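For reference, the structure discussed in these notes is given below.
The values are calculated or read from the model by the stated rules, or taken from the named source; none is laboratory data. Keep in mind that this is a model prediction, so the values were computed, not measured. When we count neighbours, we look across all protein chains shown, and the Cβ atoms used for this are built from the backbone with ideal geometry, even at glycine.
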Amino acid sequence: MSYIFQDWNANKNNLKGRIVMVLFRLARPASINKFFRIIWLPYLAFYKLLVEWFMGIELPHWTTVGKGFYLGHGHALVVNGCTIIGENCFFRHSTTLGNIRYDDGSYSGSPVIGNNVELGSNVCIIGEVRVGNNVRIGAGSVVVKDIPDNAVAVGNPARVIRMITPVEQETSIKKTPVEA
C-alpha cells in the first residue's frame, strides 16, 4: 500500500497530482511482465482514457519514476516511456521529456533525470540527456545537453547560470520557486 501512496505527501494540497500519481502507481505493475499486462488490461485502458485523454498528462505506465514525484498543475505533461525520473522531483505544466527521431527513422535514447530536480513550466528536455541531482531548470528552457549536479539552468538552449549547494537548493525551492 505504501508503494501506491509514495507520492501522496509530495502532492499535498494538489488533488489532481495525487489522483494521477495513485493511478500511475496502480498501473505500474503491468510493466512487470506479460501476465500482469493481460490482467491489468482493463485498468490500463481506464488509465489511458482518464489520465491521458481527459487530464492531458502523458505518463506511460512503464516509465520509471522515483518516489515523491510532484506534479505541479498537471496539464500538458508529456513523458517518453523510456525516461527515468529520480526521487523527489517537481515538474510543472507543459513539460516535455522525449527522444529525437533521426533522419534514418531511428530514435535517440530518452532523458535521465536525477533526484531533487525542479522543472519550470514549458521545459523541454530532448534526447539522451542526463540531468544531475539537485538541479533547477527555469521556465521555457530547452535542454539538449547534460546538466551537472547542483546547477541552475535556463534558456534556449539551456545553459548553466550558476552552481548551488544542496542546502541552498532545499531552501530556495521552499522560498523562491523557478515559476509559480
* Asked: Which members of the stretch 100-116 meet the condition of being in contact with a Lys or Arg (Cβ under 9 Å, 6 or more places away or on another chain) and part of a loop (DSSP other than H, G, I, E, B)?
  -> Ser108, Pro111, Gly114
* Structure fact -> Checked Phe36, Phe91, Phe46 against criteria (at pLDDT 95 or above and surrounded by fewer than 17 Cβ atoms within 10 Å (Cβ to Cβ)); the one match is Phe46
* Structure fact -> Residue pairs within 8 Å by beta carbon, gap of at least six or interchain, first lying in the stretch 1-24 and touching a residue at least 12 places away in the same chain (Cβ under 8 Å) and assigned to a helix (DSSP H, G or I), second among the acidic types (Asp, Glu) and surrounded by 11 or more Cβ atoms within 10 Å (Cβ to Cβ), listed first then second, are Gly17/Asp7; Met21/Asp7; Val22/Asp7
* Structure fact -> The lone condition Ala10 fails out of (1) under 19 Å from Glu87 (Cα atoms); (2) surrounded by fewer than 16 Cβ atoms within 10 Å (Cβ to Cβ); (3) of a type in the set (A, V, I, L, M) is (2)
* **Among (1) assigned to a strand (DSSP E or B); (2) over 15 Å from Val65 (Cα atoms), the one test that Leu97 misses** => (2)
* **Any chance Ile125 is in a strand (DSSP E or B) and loosely packed, with under 15 Cβ neighbours inside 10 Å** => no
* To do: Starting from the stretch 130-149, keep only residues that are closer than 12 Å to Ile113 by Cα, then list their pairs with residues that are at pLDDT below 95 and in a loop (DSSP other than H, G, I, E, B) whose Cβ atoms are within a distance under 8 Å, requiring at least 6 positions of separation or different chains.
  => Asn134/Ile164; Arg136/Ile164; Arg136/Val178; Ile137/Val178
* Complete set of residues in the stretch 74-94 that are assigned to a loop (DSSP other than H, G, I, E, B) and in contact with a helix residue (DSSP H, G or I) (Cβ under 8 Å, 6 or more places away or on another chain) -> Gly74
